1. Would you calculate the separation in nanometres between label points at A:Thr8 and A:Ser196, each defined as 7 Å from the Cα along the Cα-to-beta-carbon direction?
2. Arranged from highest to lowest average of other beta-carbon atoms within 10 Å per residue, in what order do the peptides B:46-57, B:223-234, A:300-311, B:70-81 appear?
3. Please give the contour-minus-distance gain from B:Asn178 to B:Thr406: 0.36 nm per residue of separation, less the Cα-Cα distance, rounded to one decimal in nm.
4. With +1 assigned to the C-beta of every Lys and Arg and -1 to the C-beta of every Asp and Glu, and no other charges, what is the dipole magnitude of chain B about the Cα centre in debye, to the nearest 20?
5. If you put +1 on each Lys and Arg Cβ and -1 on each Asp and Glu Cβ, how big is the dipole of segment A:142-292 around its Cα centre, in Debye rounded to 20?
6. Excluding A:Glu201 itself, calculate the net charge of residues whose Cβ lies under 15 Å from the Cβ of A:Glu201, where each Lys or Arg counts +1 and each Asp or Glu counts -1.
7. Does anyone have the angle between helix A:141-155 and the longest principal axis of chain A? Alpha-carbon axes, 0 to 90°, nearest 10?
8. What are the equivalent ellipsoid semi-axes of the protein assembly as shown, built from the alpha-carbon gyration tensor (square roots of five times its eigenvalues), in whole angstrom, biggest first?
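Derivation of every value follows stated rules applied to the coordinates shown; laboratory data play no part. If you're wondering where the values come from, they're calculated on a predicted model, not measured in any experiment. Don't worry about glycine lacking a Cβ; one is built from the backbone with ideal geometry, like all the others, and counts go over all protein chains shown.
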Amino acid sequence: MTSTGTWTHKDFISIEDITRDELEILFKLASSFKQTLGRSQKKLPSLRGKTLVNLFMEPSTRTRVSFEIAASRLSADSIFISASASSLVKGETLRDTARNIVALNADLLVMRHSAPGSSLYLSKIIDIPVINAGDGAHAHPTQALLDCFTLRERWGSDFSGKKVTILGDILFSRVARSNIWALQKLGAKVTLVGPSTLVPEYFSAMGVEVSHDLKRALVDTDALMLLRIQHERQTSTHFPSLREYTSMFGLNAMRASWLKPGTIIMHPGPINRGVEIDSKLADSDHSVILEQVTNGIICRMAVLYLCASAVNPVSREEVI
Amino acid sequence: MRERRESRFQGGGNLVAMSKVLWISGGRVIDPANNRDESGDVFAVDGRVVSSLSEEQKSAARRIDAGGLVVCPGFVDIHVHLREPGQTHKENIASGTRAAAAGGFTTVVCMPNTEPPADNAGTIQFIKDAIARDAVVNVYPTGCITVGRQGERLAPTGSLKRAGVVAITDDGDCVQNNEIMRRAVEYAKMFDICVMDHCQDAALTEGSVMNEGANSIRFGLGGWPNSAEDIIVSRNVILSSYSGAHIHLQHITSAYAVDIIRRAKQRGIRITAEASPHHISLTDDLLKTYDVNYKMNPPLRTEEDRQALISGLLDGTLDCIATDHAPHTDYEKDREFDYAPFGIIGLETALAVCLQTLVVAGKCDLPFLVSLLTNKPAKVLKLDAGTLSPGAMADITIFDPEREWTANPDDYQSRSVNSPWNGQQLRGKVAQTIVAGEIVWSGESASKMA
């Protein structure tokens, strides 16, 4: 049985604010939740009677569904509000929307928003836990948790001596930023690789190596995280075309042959087959893409549980 | 204001008994235009500075004891947004000039990005009427460079000048089309009127909300490269060089731009430039909290840029300090960072911030700072302000450079409270502000006292 130890965060906004010990608390709790996945009765009573609101100001399928399943496994009720269905289209401010949600007696708020910093902004306004499900290019902390959880199942809790390469559109990627913090806190070395316009040198201030030489980045990496080219987000000026991107940086069989045997290939999804990754590679033994999705549920369960208990302590016996 | 003030004292000088006499005694008098920095007295009769008073005048004088205080020309701010007409929920001429008075500013130059934009003589007249009715300090309007600030067709510069503007600018936006800008400065030169430009290449700043650099990368916010400013500064230097027109570069933030301006001035090009209190005192590290009161256009830059701005002020590359006082209501500003409007108020905190950044930090002495706030900005636009020379309008600021106070939004005279200094302990406060010999601020607003 795990201990909630020193978890004190009401909100889960950014991996940058989380210590390595706190990551450990999350992972251990997620591990214990994972053992329940195989049960025929999957539901735990931990958050029974609690209401979780999924406020998604930006479209998302897998993150939203993952949070909904996580809430359901913990016996919480969840309600989904999309930008188009909310009063924000009628000119209501985010502050007022959030306060209304609180007034409806919600216990947890999960938010996806295109504006960086908006989860932090909300967390200062309302007393209930705010969980960041992605804020612009800033952070997607639960994605980094599930990515690192997946690696941790193979590598153990210490990532020292491991090298993780993140390939693709780093500039617009909240997944990359959250993983940069998480991986380094766990001891891994991180290399970013991709076109110079999407992987600016400024990233090196975060402690990572910045490279535009794909081969050099791939030969000694232990895990390779691919990112989707977010062509809907970029202005057309960042690179010439998807075709050019694929020809320069797409992961194909030839480039995959540069990888050491046993290198783990990850992708946060959604995958653009044939753009950043060759279709066959996405389905290969190296790939843990679907495992990531499964681990997403338990990592989000851990976050929901810990943040809820930071506000309103739940006795340990109720958990599992 | 100018008109009203002249008429108020009309004929007043004929009889000593009817004269209004002001005697400010015992202060440290700093008048950079006259190289004066001494302990002494300042006198005014009927709204104008005089060098001495007769015994009879002395006995009739209203006396202000300025012991321990600095007495200097009223501050001049050539870049403020008073939001009238059209955005008076943010600020109006009454509240904006009260904020100016509270900050020691006796002359302000207001920007034309009102609703409607001040791109025609009628709107200028509307503004002048409001000034005559409501202003407690001198206000000079500016007009637009282009119709509707759209950057497409020239606004009627000649008519605007005749209507009373002291400069033209599309501030808030930058004229993107080089042909339009070229014609604007050539045309303005004929009227000997300054073209002020907000230097921002719009194509380079699409989606930009903060300085581009390690911090924008870390915070995931849209980066605003220095080059967006540098390129337009270069463009303006080139256009001024070919035309001989005077172009004033507003709120410079980039170290590279400072260097371009320095070299242009060495070649004798008619370029002037300003820096704001926030850009010389704050850096983009502060954006970590996503506090919208650190969101401004142009954005806060790096420490290297900040130091370059200070060096630019010290060696005269940058001519003066201007606040870019930009009021927005709390409900407009209180939003997701991406959606909040750019800009902060600055009139009421400028003195304390500049004292801390320049004088307390040992960058320059007090008279030099006073000159950056008085005769130097006045000179940029050839305004009749910024000096205590005998015969000058008696626009005088008395301040205590040591007085500590807390920037409390409830105490602001401005209608808006969008300031990064809210709640902070500041040092240096205006004790009294005098416009044409009349006290308009003495710790509380003259209009409130009335």
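1. 4.6
2. Working: B:46-57: 15.4, B:223-234: 22.0, A:300-311: 23.6, B:70-81: 28.7.
In descending order of packing, they fall as B:70-81, A:300-311, B:223-234, B:46-57.
3. Details: separation 228, 0.36 × 228 = 82.08 nm, distance 4.56 nm.
This chain segment gains 77.5 nm when fully extended.
4. Numbers: 45 positive and 57 negative charges, 218 e Å.
Approximately 1040 debye in magnitude.
5. Charge dipole of segment A:142-292: 100 debye, to the nearest 20.
6. -2
7. Helix A:141-155 and the main axis of chain A meet at about 60 degrees.
8. For the protein assembly as shown, the semi-axes come out at 58, 29, 22 Å.
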